[in-house]
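The values are calculated or read from the model by the stated rules, or taken from the named source; none is laboratory data. In this text, all values refer to a predicted model and were calculated from it rather than measured experimentally. Using ideal geometry, Cβ is built from the backbone for each residue, glycine included, and neighbour counts are taken over all protein chains shown. When the accessible area is computed, the model is the full protein with side chains, heavy atoms only, and any ligands, DNA or RNA have been set aside. Shrake-Rupley method; radii C 1.70, N 1.55, O 1.52, S 1.80 Å.
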Amino acid sequence: MELSIIELFLNASFVVKAVIVFLILASIISWMIIFERWLYVKRINLEFLDFDTRFWSDDGLEALLATSREEGHNPVGAEYIFQVGYLDYKRLSKEKLTEDIIMESVHRNMRVALSKEQTLLEKNLPFLATVASVSPYIGLFGTVWGIMNSFQSIAISRNTSLAIVAPGIAEALFATALGLLAAIPAVVAYNKFNNDSKKYSEKLENFSKRFLTII
């Protein structure tokens, strides 16, 4: 007699059911985060290329600042760092301050802006890391619990037939499979987005250095 996945779930113990539900929810949330992060990384890289092209054009810094401060426009990445740095530079240049003090303030504020962009870039990545590391163990817990139930069935029925223990073993292995199903995409996505974060952060740091050199 073949057992469907639904039958395995319905016939499982409360603990194994809880494990299965938890792993399915973790997998669904992970895929939602993966899709959202993929769109976000793609968008910010395109916006970085667009702003970098405009930055090195002949439009001038004032025109770039005016564009970045337009109503409804939300600057991100290099454009946001530029806006923060250039506004601070213009404000301090009107005061009687030394060049060193001005540049130190601009550099400090740009570092804060860079840190904010890095935080946005790494949003929800800790959740993926947690799912990647914890899900196999949770699945293993469900497996152990299911096998324990199978041995209890043998003890109660005093029958060592495979038909007696097969459902319990099947639900136990199903929990293990779900644990891996949740963990593998999460760890692959985490490594990819973590690598993307480092590359993008390097782009922002290089832009910050070039912009400081210009002003």
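Seen against the Cα atoms of the chain and their longest principal axis, helix 14-55 is set at about 20 degrees. As a fraction of the 1.4 Å probe accessible area of the chain, surface on carbon and sulfur atoms comes out at 64 percent.
Applied to region 83-100, the Karplus parametrisation 6.51 cos²θ - 1.76 cosθ + 1.60 on θ = phi - 60° returns per-residue 3J(HN,Hα) values of 4, 4, x, 6, 5, 5, 5, 5, 5, 6, 5, 7, 9, 8, 10, 6, 4, 5 Hz, with x for Gly and Pro.
The angle separating the long axis of helix 125-157 from the principal Cα axis of greatest extent in the chain is about 10 degrees. Inter-part distance, region 13-42 to region 184-215, computed on C-alpha centroids, equals 26 Å. For region 37-112, GluC sites (Glu not before Pro) are listed when DSSP marks them as loop and at most 13 other Cβ atoms sit within 10 Å of their Cβ; the list is Glu70, Glu71, Glu95.
Length gained on full extension, Tyr137 to Glu99, computed as 0.36 nm times the residue gap minus the Cα-Cα distance: 8.0 nm. Against the criterion of solvent-accessible heavy-atom surface with a 1.4 angstrom probe, Thr213, Thr130 sort, most first, into Thr213, Thr130. Less than 5 angstrom separates the built amide H of Val76 from none of the residues sequence-distant by 5 or more or on a different chain. Report, to the nearest 10°, how far helix 162-214 tilts away from the longest principal axis of the Cα atoms in the chain, using its own Cα long axis and a range of 0 to 90°. Once rounded, the angle reads 10 degrees. Taking a point 7 Å from the Cα of Leu180 along the Cα-to-Cβ direction, the residues of region 25-60 with backbone N closer than 18 Å to it are 27. Helical runs (DSSP H, four residues minimum) scored at -39500 (n - 2.57) apiece and divided by the length of the chain put the mean residue ellipticity at 222 nm at -30000 deg cm²/dmol. What label, among (i) 12.1; (ii) 16.1; (iii) 21.0, belongs to mean projected area of the Cα convex hull in nm² computed from the structure on display? Working out mean projected area of the Cα convex hull in nm² from the coordinates points to (ii). Look at the alpha carbon pairs under 8 Å that are at least 6 residues apart: their mean separation over the length of region 6-128 gives a relative contact order of 22 percent. Protein-only accessible surface at a 1.4 angstrom probe places the residues Tyr137, Tyr200, Tyr80 in the order Tyr137, Tyr80, Tyr200, largest first.
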